[in-house]
Amino acid sequence: MKNLFKALTCVFVIFSVLCAPCSSFSAEPSSDPFFDLFSTENKTEDNTASEYCNLEYVKFCENSKGSLFVNEKSGRFYFEDVSGCRWYSNPDMGDIDENAGGAYKMELQSLILFQYYDYEVKQLKKANSEALSVRFEDAEIKKTKNGFKAIYNFDDLGFKIPLEVSLDEYGITAMVNCEDLVEQQEEKRIFNISVLPYFGAGASDEEGYIFIADGCGCVMNFNNGTYTRLGYSSKIYGEDLSKYVITKSGENKAVNFPVFGIKKPLSAVTAIVTEGAAFGTFKCWPNNIVTSYSNVYTEFELRSIDTVVLNEDHNSASSIMLYEDGDINPKKLNISYRFVTGENVGYNEMAATYKEYLIQKYKIKKTAQNFSGISLEFNGAVKSKKSIFGIPMTVDTKLSTVKGIEKFCKKLYKNGIEGMNVTLSSWSQEQLSGKIDNSLNPVSCFGKRKEIKELAKFLKSTDSTLALSLEMQLFHSSGKGYNKWSHSAKAQSNAPIYIYDYYKSIFKKNKDIVRLRLIKPTKLSVISKNVLKSSDDYDDEIIFNLAESSSKLYSDFDSKRTSNIEETRLNIENTFKTLSSRKLSFNFPADYAIKYANNAEDIPLTSSQNRIFDYDVPFVQLVLSGLVEYSSEPINLRSDRRKAVLDSIAYGANLKYSLITENAYSVVGTEKDSLYCAQADNLYDEITDYYDVFSNISSAIKKSIMISHSKEGNISKSLYSDGKIITVNYLTGEVIVSNEDKEIYKTQI
Amino acid sequence: MKSFKKCDRVVKGIIVLLFIALFSCGVFTVSAADSSYNYDAWDEEIDAPLGYTVSKTVNGIDLNIGKLNKPSDIYVSDDYDVYISDTENNRIIILNSEFKLKKIVDSIIINGEESELKMPGGLFVDTNNEIYVTQKEMGRVLRMTGEGNVLDVYEKPASNLLDENFEYLPIKVIKSTNNSVYILSENYYYGALTYNHSGEFVGFYGSNKVDVTVDLLIDYAWKKISTKEQKDKMVRYVPIAYVSFDIDKDNFVYTCTQITKDSHDEIRKLNASGKDIINFYTKNTASSIGNFGDIKTLWLMGKSTDTQFVDICADDNGIINCLDYSRGRIFQYDDEGHLLNIFGGIGDSKDSFFGVSAIDNMGEKILVLDKEANSFTVFTPTNYTNTLHKALALYKDGMYAEAKPLWENLILENVNCEIAYTGLGRALYAEGKYKDAMSAFKKGYDRTGYSLAFKAQRKIDIRSSFPIIATTIMILLVLVLTYVLVRRFILKKPFIKREQKLTPVRRIMRAMIHPFDEFYDLKDTKQWCFPAALIILFSWFVVTVADKTLTGFIFNYNKPEDTNILFYFASTCLLYLLFVIINWAITTLIDGKGKMYEIFVSCTYALIPYIISILVNIILSNMFTAEEAAFYTFFQAVGFIWSFMLFLGALRAIHDYTFTKTIFCMVLTVAGIAFVIFLLILFVSLLQQFFLFGTSIFTELLYRG
């Protein structure tokens, strides 16, 4: 009965809100017909948008960055920056949005959205602060020293969700202290929460864009007319690997920097998830899909939900949803909104803001840009099936040999190539046998330790480096002190976490390829110490390449010792710390790994190319430039190699090749058949030609830092700290390095 | 310590579909791919470079004409104007080659009266820029100018050829260069309705064939003995209707069918008489010839998802692009059925779709219409595809030498590209480099090409080694002759045939030639040689394995790395043992005199000719070309028949049967073996189900705690 009353009240409230503007508003002149609907003849210039909805905002506090105005009933607020631009927590016209149907109308006015599981009715339900708290006058807004604290009480559900918004030296900070979050009813548990989902949302008539650090970074213009069914959603640091995946149609580019941004005509905001990033998922919607607004926000997973399918191949298949019980995982969720003002502020300034944040937080030292080298990844060996006298066997098949690599590098050196970053991958016996890699023994068909040492010595003499790729998380066989049954991390279902390879054609698990397991996060520190011990035999100058370990996060639901995703992240970070007595390199490192990185490989040249985004931007490269040397993804495996080379030049990235020294045909029929264009000798001429171009560009810009990038049509311009500009014409392939309109170097790709 | 006890069973069925949709369509938004896949000669999925990249996505907002609404067809005219049938907005949108708006046709003039263009569907634009548009809901096809002046209306023809119940629902239209108009009516299985240049209905064109299935044959047999009433109640087997078609400059019509019963022949290339002329290349797996789209079918949670073609287009070089609705993919083939490229997909990335409806090509570019996203996507070929198309065009024209550098380049770009090896093989063969050609053909799994090169190389090898062989034979002959002459005339020692003792080996050899006598004799004397029998049985197993692994490439369709001796052990030794047991069991019931031991040993003797024939064939397979396959088959047949005769002889002698009874006994034995195998399969299946049930219970208990 009470629920019915509440529902009726809601309908009444919505109806009154919808009717109210029509009767009492006077509006500013607007070009948008949507606004014209509510305009009257008595327009006054002083009327602000807030009056449309009868919301009163009170100035709570101010500092050099701007002022914070808050509605004391709902907690809705706006931040007025020094340019006079107002950043509303919720669109002021949101409550009369005709495009927003059902719950979205209420969500538009909410500061908090969440999903809770009702164990009584066994349902996951959505809720928001506006409909179930503010409208029942259950929200408590308290002024604090630098802002306010809103406590949203959901009496019916028994939840109290605190949200603190405060002014700081950069802008504002929104924080949910999960330890103060109250769940009074046993049968209701919150599973995820979205903070300020419509902050800075772009209306249909507004100019501006949303930026997300997906892959290299991408931008979605407001009102770009794109269509999506489910909106953009990408987990920070990649999906939790413990989750059950029944089908998979490919790999996403990771969001390894927990940052997004919104640009408006005279101002831009950079939103950085400073706490709880590992639980976060970026969500984004273009205009006119669920509401009239483009919005971007972070949804945090407080407890884990997993789906398990039993007997997935059979008619008797059934799925089971698993809901994590117990305490909320994150302690605190914090998003820092940092504002920059000016006419042309955009993703370049967002990158600068984020870079400053990284430098401060992780105490990273700035280094001079080293944009000179070529990164070469050599694939050592692969397991392949053979039949010897009819007996099926799995044998080690060499794709490269250390001697072959040395020969190739010598050939390159003779041709004037120096400063190479050579990485050996799939090189160790343990990696190949699916064991935890902590003894660093090379595969016999690939080479010997002695040969690797000689290779390292030679490379050192040519100002080049040698990195050995390590795999410390994935394994499928017991051995080297680790048992696949007792040392595997567990999924929520209590089964070991299995990592499958999926068919590209039908998206299903490829069960012909051995499934991998993940090591318990708590074991990582021991493994790293063992690795360090085993590495004594190798030269100190040899680098360890930790591949994508920084974005390979997972929860471990082992009943003896549970580790949530943030705890795993901390374990992984500790591993980096342990191994940092040696030089480390990473493939597309996450923010917390940059501090430990000597160089970064495989920095994506594109984003995930979601259809709602208009174009890609080199945000990650702008951040990394001057912090760490970085290379592109292997360009020999790109569909448009020329564009990849031009992108690398425009983004200031070293060129990377993924190679094999043995016969090109040796990859056919193996798991490494993705190396379909990797034979080193076949690519020799291309490598040397491009190296010439890159070394000339490098000497022209002389170790300076890329500070901004812009692209208009087919012309991209990258500005460096010494004032030089690299102009890349994607149509003609022309590359020009200039200084104050004076051409320093020009070439054609 | 945390516990994760609470769980919720989700209703099956609806969720199954939802699940598939969610997980494969975008809960995890997936990157636009930078590589693709293809299928190798063994139908295994292999990685391949991406053939096409997205150069543009165009929607109504970009064109300032408002959102498109369920656009159903796209057509690119000869002068590269793009026509879009914006169905639910009741308009045809015409864009120029730069995808800028040229015109909107939303009204038509019929007999001087202007009216709204309602629900336009399939489109075709001829060389005079006259638009042919289907209006399914109105049951007509219009021929009109770009201004909307209707020149002709193709309505339901009044013809005896049509069924009484025929519902005219035109969905696609094409026109040939000789002015014949073909119209596809939805769900109509007699093919396309054909109109001549005067607009008169003249009949049907190129209907699909009925798939011959077991069900069909059974029903056919029943119908033969059924009454008319019974027949009327039975299912009618009719061909599957086309969903779309296209026509090329030479008037070849390309058709596609959404689903066929056996997932084969979804694509057809029809000549003027409506005959399918796609000339398939030979594959390792015969079952996949004619299987278009994805070869693997997704079986998940008891449901299957297969390719469902909704549209097709072909370019002037005979490159066929087919659009798969199930997974939003474009499959590109040449006219021999080689799968060249796969791109597109379902999902949120730029190169994916939500619900594809039509495809057409604009020169090398490909345009794909998405009726759910209300946009179309322009795909541009990558360098890899450009090279591949050029090489194929030269190859088709027989310009092998000119195509050679292109094939070499393709192999450098994609070592998995089997068609490139075939092309290179042809070029090398034309250059007379037969050994290299053989190697290339082998990598391309082109047995015909390999056989040609092998034949040429064999000729060279024989010619070059002939003097050595001839000299060696001559020397051997001279030596033998000398020996004979010396022994006879100088040493005066005559060649006397000595009495030979009947050793087990000699007995076996005798049994080969005189089976009836010898097996009776063996039975009487009981001089069976058990070790010899074991050796023969083991030899059978060994030569079977050798046959799979050592047979020459031309005759060997086995994947060497998948050869598993356990399987061959079971299919030789274990099967033989089963035969012996069953035969013994049956013959004890029908007065057989043979003992198990005797059956076991005597029948192994019978295997010898078959074993020898396999051995000979292994050797010959490395010497013969495909043209000489008859000899290969001949030896195999001889070995088999000989062994069969020996079997009969052995069983007859051992059991003391008449010839007829021996045959009867063999039939019963075979039936017995089949029954035992059936029981074994049933048992294994039950065991599997039991295990599955057990693990399900265990897992559920574990999850639910």
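Rule-based calculations on the coordinates, nothing more; no lab input. The structure displayed is predicted, hence computed values, not measured ones. Note that we place each Cβ from the backbone using ideal geometry, even for glycine, and neighbour counts take in every protein chain shown.
Cα centroid distance between region B:383-423 and region A:721-736, in Å?
With region B:383-423 and region A:721-736 each reduced to a Cα centre, they are spaced 34 Å.
Which three semi-axes in whole Å describe the equivalent ellipsoid of region A:260-345, each the square root of 5 times a Cα gyration tensor eigenvalue, listed largest first?
Values: eigenvalues 276, 75, 15 Å².
Result for region A:260-345: semi-axes of 37, 19, 9 Å.
If you fit an axis through the alpha-carbon atoms of helix A:641-650 and take the longest principal axis of the Cα set of chain A, what angle between them do you get, 0 to 90°, nearest 10?
70
For a quick size check, give me the Cα extents of chain B along its three principal axes, largest first, whole Å.
Extents along the principal axes: 116, 75, 69 Å.
Report the antiparallel proportion of the DSSP beta bridges in the protein assembly as shown as a percent, rounded to a multiple of 5.
90
Which angle between 0 and 90 degrees, to the nearest 10, do you get for helix A:347-362 versus the longest principal axis of chain A when only C-alpha atoms count?
Compared with the principal axis, the helix lies near 70 degrees.
What number, in percent, do you get for the relative contact order of chain B if the mean sequence gap of Cα pairs under 8 Å and at least 6 apart is divided by its residue count?
Normalised by residue count, the contact order of chain B is 9 percent.
How many angstrom separate the Cα center of region B:106-155 from the Cα center of region B:508-565?
74
Between region A:421-469 and region B:277-301, how far is it from one alpha carbon centroid to the other, in angstrom?
42
What's the local net charge at B:Val484, with K and R +1, D and E -1, over the other residues with C-beta under 15 Å away?
+4
Would you work out if region A:601-749 is rounded, prolate or oblate? Take a ≥ b ≥ c from the square roots of the eigenvalues of the alpha-carbon gyration tensor; rounded if a/c is under 1.5, else prolate when a/b is larger than b/c, oblate otherwise.
prolate
Nearest 0.05, what FRET efficiency do B:Gln527 and B:Lys593 give at R0 = 25 Å with Cβ-Cβ as r?
According to the calculation, E is roughly 0.90.
Taking just the C-alpha trace of region B:46-105, give me its Rg and Dmax in Å.
Cα radius of gyration and Dmax of region B:46-105 are 13.7, 46 Å respectively.
Can you sort A:Glu662, B:Glu266 from fewest to most other Cβ atoms within 10 Å of each residue's own Cβ?
By the 10 Å Cβ count, ascending: A:Glu662, B:Glu266.
Note down the relative contact order for chain A as a percent, whole number, built from C-alpha pairs under 8 angstrom at least six residues apart.
Contact order relative to length: 11 percent.
Suppose a student asked you for the relative contact order of region B:52-118, using Cα pairs under 8 Å spaced at least 6 residues apart; what percent would you report?
After rounding, I find 19 percent.
Taking a threshold of 32 Å on the Cα-Cα distance, which of the pairs B:Lys156/B:Lys350; A:Lys529/A:Lys656; A:Lys407/B:Lys455; A:Lys145/A:Lys523 fall above it?
Exceeds cut-off: B:Lys156/B:Lys350; A:Lys407/B:Lys455; A:Lys145/A:Lys523.
If neighbour count is taken as other Cβ atoms inside 10 Å, put B:Ser643, A:Ser204 in order from fewest to most.
In increasing order of surrounding Cβ atoms, one gets A:Ser204, B:Ser643.
Over the Cα atoms of region A:399-440, what radius of gyration and what Dmax do you get, in Å?
That works out to 13.4, 39 Å for Rg and Dmax.
Spelling out what I want: for every residue of region B:360-373, take phi, set θ = phi - 60°, compute 6.51 cos²θ - 1.76 cosθ + 1.60 (Karplus), and round to whole Hz; glycine and proline get x.
Result, ordered by residue: 8, 10, 10, x, 7, 6, 10, 10, 10, 9, 10, 6, 8, 7 Hz.
Starting from the Cα of B:Trp222, step 7 Å along the direction of its Cβ; do the same at B:Ala629; then give the gap between the two resulting points in nm.
Between B:Trp222 and B:Ala629, the label points sit 3.8 nm apart.
Does region B:100-190 classify as rounded, prolate or oblate by the C-alpha gyration tensor (a ≥ b ≥ c root eigenvalues; a/c under 1.5 gives rounded; else a/b over b/c gives prolate, otherwise oblate)?
Prolate, because a/c is 1.5 or more and a/b exceeds b/c.
Taking the alpha carbon gyration tensor of chain A, what are the square roots of 5 times its eigenvalues, largest first, to the nearest whole Å?
48, 33, 22
Does region B:441-590 classify as rounded, prolate or oblate by the C-alpha gyration tensor (a ≥ b ≥ c root eigenvalues; a/c under 1.5 gives rounded; else a/b over b/c gives prolate, otherwise oblate)?
Taking the square roots of the gyration eigenvalues as a ≥ b ≥ c, region B:441-590 is oblate.
Cα extents of region A:498-547 along the three principal axes, largest first, in whole Å?
46, 25, 15
Quick check on chain B: helices-only [θ] at 222 nm, where DSSP H runs of length 4 and up contribute -39,500 (n - 2.57) each and the sum goes over total residues. Nearest 500, please.
About -13500 deg cm²/dmol.
Using a cut-off of 26 Å between alpha-carbon atoms, which lysines can reach B:Lys223, once sequence neighbours fewer than 8 places away in the same chain are excluded?
B:Lys209, B:Lys231, B:Lys233, B:Lys261
Among the complete DSSP H segments of chain B, which ones combine at least 27 Å of alpha-carbon extent along their axis with a mean Kyte-Doolittle hydropathy of 0.0 or more?
Helices meeting the span and hydropathy rule in chain B are B:447-485, B:530-550, B:596-621, B:629-655, B:659-704.
Starting from the 7 Å offset along Cα-to-Cβ, what nm value, one decimal, do you get for the label separation of B:Ala272 and B:Met474?
6.2
Have a look at the DSSP beta bridges in chain B and tell me what percent are antiparallel, nearest 5.
Working: 92 of 94 bridges.
Looking only at bridges with both residues in chain B, the antiparallel portion is about 100 percent.
Going Cα to Cα from A:Lys65, which aspartates and glutamates come in below 12 Å? Please leave out same-chain ones fewer than 8 positions away.
A:Glu80, A:Asp81, A:Asp168, A:Glu169
Ignoring everything except DSSP H segments at least 4 long, calculate the 222 nm mean residue ellipticity for chain A; use -39,500 (n - 2.57) per segment, divide by total residues, nearest 500.
Dividing the helical sum by the residues of chain A leaves -6000 deg cm²/dmol.
Taking just the alpha-carbon atoms of the protein assembly as shown, what radius of gyration and Dmax come out, in angstrom?
37.4, 143
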